[in-house]
Amino acid sequence: MIEIVDFAKTYGRFRAVRGLSLQIERGEVYGFIGPNGAGKTTTIRFLATLLEPTRGRATINGFDVVRETNEVRRSIGFMPDSYGVYNGMRVWEFLDFFGLAYGIPRGRRQTLIDDVLSLVDLSEKRDDFVNALSRGMKQRLCLARTLIHDPPVLILDEPASGLDPRARVEIKEILRELASMGKTILISSHILTELADTCSSVAIMERGELVASGSIEKILAQVAANRTASIRVLLEHERAFRWLEAQHDLSEVTREGDRIRFGFTGSDERMAALVSQLAQRGHQPVWIEEHKPSLETAFLTMTKGKLQ
């Protein structure tokens, strides 16, 4: 549905994006993650037909981003990181304006307006003035605007930026519903935890370069070679800590009170043996917990060399 081949963008000597290639399949919710300045917005503006590439090409829904801009624009709903609303308009008028811009007939526009307002849970605000809405409601209204022409592809640049926790949850619920409708969604964000339970796949960017891409399971598997766990013991905490510290297959052993954290490369059987040995030594282990890697862990691990 979205294909990027060797995309690069330079401004003088500054290289904003360096030879990016990505393949996003139909129906995927794809996270585009990385810190500010990584090249995410530059790439998104290129896909939205707002930026000419220095090199490379891209297609969306089978249409070339540079040569078939009108077809691409009909195929996408684009929500930029900074959006504008017209404060003198009522909510329905705001959506009607964009429906008219897309050439949707008047009779059909009214039905579509009601549909998208229902989807983003703004039906009760239909006749309110836009400037009376909260920031979260304005964000949802802008999302409704991207949906008014029913595009198969959504490109969202920092859709939850600046929102309070409740509004962030609401946006995520809307994105899940859109995904269930079969939309292909590309979401850019520098807040990695927001994407972990929303996206099926991600691309990690750093300083204009693609660091890694693929399913979240694949990305996390790449950084899970060294497992991390915590164990809590009831008795002789310091002695338990020293014993674990001396084990050759454990690393980065640290202690905080009765909890000991460590990295290990062994099997589940090896972990069971450690717990059994701690019990035999009289430390009375109460629980053990393995810490699964997160997108933040993956990003920090994969970009470590580039940040130095």
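What residue, of K172, K138, K183, K218, is in contact with a Leu (Cβ under 6 Å, 6 or more places away or on another chain) and basic (K, R)? Before the answer, list the steps.
Details: K172 fails: in contact with a Leu (Cβ under 6 Å, 6 or more places away or on another chain); K138 fails: in contact with a Leu (Cβ under 6 Å, 6 or more places away or on another chain); K218 fails: in contact with a Leu (Cβ under 6 Å, 6 or more places away or on another chain).
Just a single option satisfies the conditions, and that option is K183.
Of the residues that sit in region 29-70 and are surrounded by fewer than 20 Cβ atoms within 10 Å (Cβ to Cβ) and among the small types (G, A, S), which one is modelled with the lowest pLDDT?
Per the criteria, the residue is G37.
When residues of region 41-58 are filtered for being in a loop (DSSP other than H, G, I, E, B), over 13 Å from P80 (Cβ atoms) and not polar (S, T, N, Q), how many remain?
The number of residues fulfilling the criteria is 2.
Tell me which strands (runs of 3 or more DSSP E) are completely within region 220-288 and hold 1 or more residues being small (G, A, S) and touching a Gly at 6+ places or on another chain (Cβ under 9 Å), or say none if there are none.
Numbers: elements: 227-233, 250-256, 259-264.
Per the criteria, 227-233, 250-256.
From D114, D121, D96, D127, which residue is surrounded by 14 or more Cβ atoms within 10 Å (Cβ to Cβ), in a loop (DSSP other than H, G, I, E, B) and assigned by TED's automatic domain parsing to the domain that holds Y30? Walk me through how you get there before you give the answer.
Values: D114 fails: in a loop (DSSP other than H, G, I, E, B); D96 fails: in a loop (DSSP other than H, G, I, E, B); D127 fails: surrounded by 14 or more Cβ atoms within 10 Å (Cβ to Cβ).
D121 is the lone residue from the list that is surrounded by 14 or more Cβ atoms within 10 Å (Cβ to Cβ), in a loop (DSSP other than H, G, I, E, B) and assigned by TED's automatic domain parsing to the domain that holds Y30.
Going by what's in this entry, would S134 be described as among the polar types (S, T, N, Q) and touching a residue at least 60 places away in the same chain (Cβ under 8 Å)?
Values: among the polar types (S, T, N, Q): yes; touching a residue at least 60 places away in the same chain (Cβ under 8 Å): no.
For S134, the condition - among the polar types (S, T, N, Q) and touching a residue at least 60 places away in the same chain (Cβ under 8 Å) - is not met.
Give the residue, chosen from L95, L47, L51, that is within 21 Å of I148 (Cβ to Cβ) and without any contact (Cβ under 8 Å) to a residue 60 or more places away in the chain. Before you say what the answer is, go through the steps one by one.
Numbers: L47 fails: without any contact (Cβ under 8 Å) to a residue 60 or more places away in the chain; L51 fails: within 21 Å of I148 (Cβ to Cβ).
Sole residue among the options that is within 21 Å of I148 (Cβ to Cβ) and without any contact (Cβ under 8 Å) to a residue 60 or more places away in the chain: L95.
Would you confirm, using the coordinates I've provided, whether T49 is in the same structural domain as D128 (by TED's automatic domain parsing), among the hydroxyl-bearing types (S, T, Y) and touching a helix residue (DSSP H, G or I) at 6+ places or on another chain (Cβ under 9 Å)? Walk me through how you get there before you give the answer.
Numbers: in the same structural domain as D128 (by TED's automatic domain parsing): yes; among the hydroxyl-bearing types (S, T, Y): yes; touching a helix residue (DSSP H, G or I) at 6+ places or on another chain (Cβ under 9 Å): yes.
Answer is yes for this residue.
It is to be established whether one or more residues within region 147-154 are among the hydrophobic types (A, V, I, L, M, F, W, C), part of a helix (DSSP H, G or I), without any contact (Cβ under 8 Å) to a residue 24 or more places away in the chain and surrounded by 14 or more Cβ atoms within 10 Å (Cβ to Cβ). Write out each step before concluding.
From region 147-154, those among the hydrophobic types (A, V, I, L, M, F, W, C) are 147-148, 153-154; that's our starting set.
Checking the rest, the ones that are also part of a helix (DSSP H, G or I) come to 147.
This time we only want the ones that are without any contact (Cβ under 8 Å) to a residue 24 or more places away in the chain, so: none.
Checked against the condition, which is being among the hydrophobic types (A, V, I, L, M, F, W, C), part of a helix (DSSP H, G or I), without any contact (Cβ under 8 Å) to a residue 24 or more places away in the chain and surrounded by 14 or more Cβ atoms within 10 Å (Cβ to Cβ), region 147-154 yields no hits at all.
In the set G282, G257, which member is surrounded by fewer than 13 Cβ atoms within 10 Å (Cβ to Cβ), in contact (Cβ under 8 Å) with a residue 40 or more places away in the chain, not assigned by TED's automatic domain parsing to the domain that holds I76 and not aliphatic (A, V, I, L, M)? Spell out the reasoning first.
Working: G257 fails: in contact (Cβ under 8 Å) with a residue 40 or more places away in the chain.
Result of the check over G282, G257: G282.
So is G162 without any contact (Cβ under 8 Å) to a residue 60 or more places away in the chain, among the small types (G, A, S), over 30 Å from N36 (Cα atoms) and loosely packed, with under 15 Cβ neighbours inside 10 Å or not?
Values: without any contact (Cβ under 8 Å) to a residue 60 or more places away in the chain: yes; among the small types (G, A, S): yes; over 30 Å from N36 (Cα atoms): no; loosely packed, with under 15 Cβ neighbours inside 10 Å: yes.
No.
Filtering region 1-31 down to residues that are part of a loop (DSSP other than H, G, I, E, B) and of a type outside the set (D, E, K, R), which residue is nearest to the chain's Cα centre (by Cα)?
Step one: filter region 1-31 for residues part of a loop (DSSP other than H, G, I, E, B), giving 1, 12-13, 25-28.
Narrowing further to those that are of a type outside the set (D, E, K, R): 1, 12, 27.
Values: M1: 18, G12: 30, G27: 15 Å.
Looking at residues that are part of a loop (DSSP other than H, G, I, E, B) and of a type outside the set (D, E, K, R), I get G27.
Which of (1) part of a strand (DSSP E or B); (2) free of Cβ contacts under 8 Å to residues at least 40 places away in the same chain is the odd one out, the single condition F78 does not satisfy?
(2)
Considering every residue within region 3-11, establish whether at least one is farther than 24 Å from V120 by Cβ and among the small types (G, A, S). Steps first, answer last, please.
Let us first name the residues in region 3-11 that are farther than 24 Å from V120 by Cβ, namely 3-11.
Cutting the leftovers down to among the small types (G, A, S) gives us 8.
Yes, region 3-11 has at least one match.
The values are calculated or read from the model by the stated rules, or taken from the named source; none is laboratory data. All values reported here derive from a predicted model rather than from experimental measurement. No Cβ is skipped: glycine too gets one built from the backbone with ideal geometry, and neighbour counts run over all protein chains shown.
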